[in-house]
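The values are calculated or read from the model by the stated rules, or taken from the named source; none is laboratory data. Predicted, not measured: the structure shown is a model, and the values here were computed from it. Every residue, glycine as well, gets a Cβ built from its backbone with ideal geometry; the counts of neighbours run over all protein chains shown.
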């Protein structure tokens, strides 16, 4: 399969945009807190909800994708994320900010898993899969950098515009993904088979605990890392300036 097949390119775009959307609010924390006249901890809570639902969405919507197909599942997820971005782009209260974070997290979490599934369905050579998944990892690494540049650029104009810009990017992704996924010949899994497997998993206490702990742990870890990166960089900058 060619490395520039539309399915591969869509997988890269889904991974890049999902993680850009995920971390967009991190550089804006203090600006949003000041604009909404709330504490930074309250803004951190909203972003923690975003990260937590992002983790759960990766599991739930990926499962729904096997039942209803990537075309319909991704479309619903993208509309959910777009609704959240639109709310944050017009947020003037903490409740709107929380709602927007919840919708964004619930929507964008499945982008990357669905993208990886596309790669597996449309790539034949095992070696090619390794190359393509490596490119997805590169997109995930680049996403916070690009998102930070976008957010910090919009701070000088209006922090709301950062979400408007991301909204426009996701609209473009929605249009492109729907065109490409119409050509996807996905074999769906019967609900009965998934239901029996899911009930079996849920009957195992260790599975439920592991799923919850993984989601919470990922949310806390990512939010901690992303939330303190700028402070670490500032400390390093001050050390070099002293020297």
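Of the residues that sit in the stretch 78-115 and are surrounded by fewer than 18 Cβ atoms within 10 Å (Cβ to Cβ) and in contact (Cβ under 8 Å) with a residue 60 or more places away in the chain, which one is farthest from residue 179 (Cα to Cα)?
90
If a residue has to be in contact (Cβ under 8 Å) with a residue 40 or more places away in the chain and not in a helix (DSSP H, G or I) to count, how many in the stretch 32-67 make the cut?
1
Of the numbered conditions (1) over 15 Å from residue 80 (Cα atoms); (2) at pLDDT 90 or above, residue 21 fails exactly one; give the number of that condition.
(1)
Would you mind stating whether residue 238 is surrounded by 12 or more Cβ atoms within 10 Å (Cβ to Cβ) and either modelled with pLDDT under 85 or touching a helix residue (DSSP H, G or I) at 6+ places or on another chain (Cβ under 7 Å) (or both)?
no
Any residue in the stretch 94-102 that is over 18 Å from residue 53 (Cβ atoms) and either modelled with pLDDT of 90 or more or touching a strand residue (DSSP E or B) at 6+ places or on another chain (Cβ under 8 Å) (or both)?
No, the conditions are met nowhere in the stretch 94-102.
Quick one: count up the residues across the stretch 123-154 that are farther than 13 Å from residue 89 by Cα and in contact (Cβ under 8 Å) with a residue 12 or more places away in the chain.
19
Would it be correct to say that residue 14 is assigned to a helix (DSSP H, G or I), on the phi < 0 side of the Ramachandran plot, crowded, with 17+ Cβ neighbours inside 10 Å and under 11 Å from the mean Cα position of the chain (by Cα)?
Spelling it out, residue 14 is indeed assigned to a helix (DSSP H, G or I), on the phi < 0 side of the Ramachandran plot, crowded, with 17+ Cβ neighbours inside 10 Å and under 11 Å from the mean Cα position of the chain (by Cα).
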